[in-house]
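Okay, so here's the structure we're looking at.
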């Protein structure tokens with residue numbers, strides 16, 4: 001409800017009547033008086049879209065001047081021809097400064113982490129939270145749409161104290177959210193920046209007819225999920241012995257994990273076997289560690305289950321494989 005009240009602040013700023021927008025979104029006066037009340041994604045889409053058109057301001061009063069209807073569509077058009085997501089997002093951030101100087105956006109990378117950050121150059125007042133949250137959801141939603149993939153947010157940070165409705169942030173951002181940071185930002189895996197765009201001008205025209213769901217709903221499909229699962233299984237072998245532990249590290253539910261892997265033609269057990277086999281062979285051939293320690297390094301809870309699995313992979317026991325195989329280079 002705090003975000004609805006922020007939209008009402010925009011109406012107040014422009015001296016406009018929000019009654020029609022509230023009725024259209026089925027938000028009653030009684031609901032407005034309940035600070036802890038919630039609305040669904042459909043209601044948020046309706047009141048936001050109606051307000052943007054009635055006020056002719058897609059920024060909903062955040063900035064010193066209006067961003068007329070179609071402003072963000074123009075930014076999307078400027079990005080749609082980019083070969084990769086990274087270039088598209090850099091264009092979007094750069095071109096946003098042509099619309100307003102109240103804030104600026106930057107895309108940066110450090111190792112395996114990409115960061116989209118917002119710098120504030122003016123006082124956003126009562127609309128600060130709504131502005132920063134919406135801007136990050138807007139660019140994240142567009143990024144997901146451009147590559148037709150869920151892009152899991154590893155972390156979201158905000159430069160204000162945690163609001164009473166902080167649990168809403170778990171819905172808006174897949175990763176953990178923290179408050180009192182130096183600037184608003186989201187972080188995600190840099191590998192998504194290398195993905196090619198999967199949309200064209202025709203798809204853009206269709207999307208712009210109903211773009212707001214990208215802001216209020218999470219994307220389901222993750223085109224890098226198989227890679228991410230392999231990486232987590234490799235780096236956290238002792239913390240990924242079952243789907244629940246793995247899902248926790250990936251910030252998705254076990255049901256979603258299995259469904260999305262199936263959509264990508266993969267099975268969790270197959271991926272686990274691939275990673276465990278590679279890890280076991282590496283440790284066997286590069287060290288003289290006891291078989292029990294090799295089993296632990298490969299993510300097995302006991303030596304017996306490891307030997308049984310290894311024999312199924314190679315037709316030999318780990319000890320037999322070590323005796324007959326050629327040591328890996330660098331061992």
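So the values come out like this:
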| quantity | calculated |
| --- | --- |
| Residue in segment 115-129 that is in contact (Cβ under 8 Å) with a residue 60 or more places away in the chain, part of a strand (DSSP E or B) and surrounded by fewer than 16 Cβ atoms within 10 Å (Cβ to Cβ) present | yes |
| Filter pass, residue 122 being over 13 Å from the mean Cα position of the chain (by Cα) and within 28 Å of residue 35 (Cβ to Cβ) | yes |
| Counted residues, segment 236-267 - those being over 15 Å from residue 299 (Cβ atoms) and either in the same structural domain as residue 177 (by TED's automatic domain parsing) or not in a helix (DSSP H, G or I) (or both) | 7 |
| Number of the condition not met by residue 183 [criteria: (1) touching a strand residue (DSSP E or B) at 6+ places or on another chain (Cβ under 6 Å); (2) surrounded by fewer than 17 Cβ atoms within 10 Å (Cβ to Cβ); (3) over 17 Å from residue 104 (Cα atoms)] | (3) |
| Number of the condition not met by residue 276 [criteria: (1) within 20 Å of residue 228 (Cα to Cα); (2) not in a helix (DSSP H, G or I)] | (2) |
| When residues of segment 257-281 are limited to those that are over 27 Å from residue 307 (Cα atoms) and free of Cβ contacts under 8 Å to residues at least 12 places away in the same chain, the one surrounded by the fewest Cβ atoms within 10 Å (Cβ to Cβ) | 265 |
| Helices (runs of 4 or more DSSP H) wholly inside segment 20-85 that include at least 1 residues being in contact with a helix residue (DSSP H, G or I) (Cβ under 6 Å, 6 or more places away or on another chain) and touching a residue at least 60 places away in the same chain (Cβ under 8 Å) | 41-55, 71-79 |
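The values are calculated or read from the model by the stated rules, or taken from the named source; none is laboratory data. Only a predicted model underlies this, so the values are computations on that prediction, with no experimental measurement involved. All Cβ positions, glycine included, derive from the backbone under ideal geometry; neighbour counts span all protein chains shown.
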